[in-house]
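Rule-based calculations on the coordinates, nothing more; no lab input. If you're wondering where the values come from, they're calculated on a predicted model, not measured in any experiment. Methodologically, a virtual Cβ is constructed for each residue, glycine included, from the backbone with ideal geometry; neighbour enumeration extends over all protein chains shown.
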């Protein structure tokens, strides 16, 4: 990929912000060369907690007392229900390090997450980004509507809800479903298997390009 094309894809990817569920869209942005961190870019966020956090402004996010092991390299914030990567390692459901060391690690991580939260809320208020969410099992329309409504309550941001296409000709397409809700299709959604190479990168890039007319 030449420098001009990479710059174009970086600019394109910068217009979107992940709402989590898993890391799929984070890898898509990485493939495009867009490396700016995001609050939920590498997080695990389920639909219900996500709606509540959008409504509350992520109240009580990442307080030390609410963090429990999720897996060896992640923690779950029980106050928000979001999973984050962390240097607070664990084995068999128990933290490896004593509390004083974990508090030192947490202090650094909490500062970064707090900064990303504030920037994320600013992005919601500004509305320049299109906010991307996909949920592999699929969502009922009322939940998608709740997500779109929670975004709209904080500003002019738009929700791009992405699912797997039923037919090849749907891959990369986007449609306006009313209000601030847009529906996108890729060839397949990634189940967080060990190989991010299985993500439908061409479908995602085409989808983002087809969203550009809605971002002007």
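Here are the numbers:
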| quantity | calculated |
| --- | --- |
| Protection proxy ranking, peptides 155-162, 54-61, 96-103, average beta carbon neighbours within 10 Å, highest first | 155-162, 54-61, 96-103 |
| Mean Cβ count within 10 Å, highest first, over the residues of peptides 14-20, 193-199 | 14-20, 193-199 |
| The chain: most fluctuating residue of 80, 91, 163 per GNM, C-alpha cutoff 10 Å | 91 |
| Degrees separating the helix 141-152 axis from the principal Cα axis of the chain, which is the longest one | 80 |
| Cα-based shape type of the stretch 64-175, given that a ≥ b ≥ c are square roots of the gyration tensor eigenvalues and the cut on a/c is 1.5 | prolate |
| Relative contact order, percent, the stretch 64-120 [alpha-carbon distance under 8 Å, six or more residues apart] | 24 |
| Calculated [θ] (222 nm, deg cm²/dmol) that DSSP helices of n ≥ 4 give over the chain, each run adding -39,500 (n - 2.57) | -12000 deg cm²/dmol |
| Shape category assigned to the stretch 69-120 from the gyration tensor of Cα positions, a/c cut at 1.5 | oblate |
| Whether the stretch 105-156 is rounded, prolate or oblate, judged on the alpha carbon gyration tensor where a/c under 1.5 counts as rounded | oblate |
| The chain: angle of helix 47-56 to the longest principal axis, Cα-based, in degrees nearest 10 | 80 |
| Nearest-ten-degree value, helix 201-211 long axis tilted from longest Cα axis of the chain | 70 |
| Alpha carbon centroid spacing (whole Å) that separates the stretch 175-216 from the stretch 134-167 | 12 |
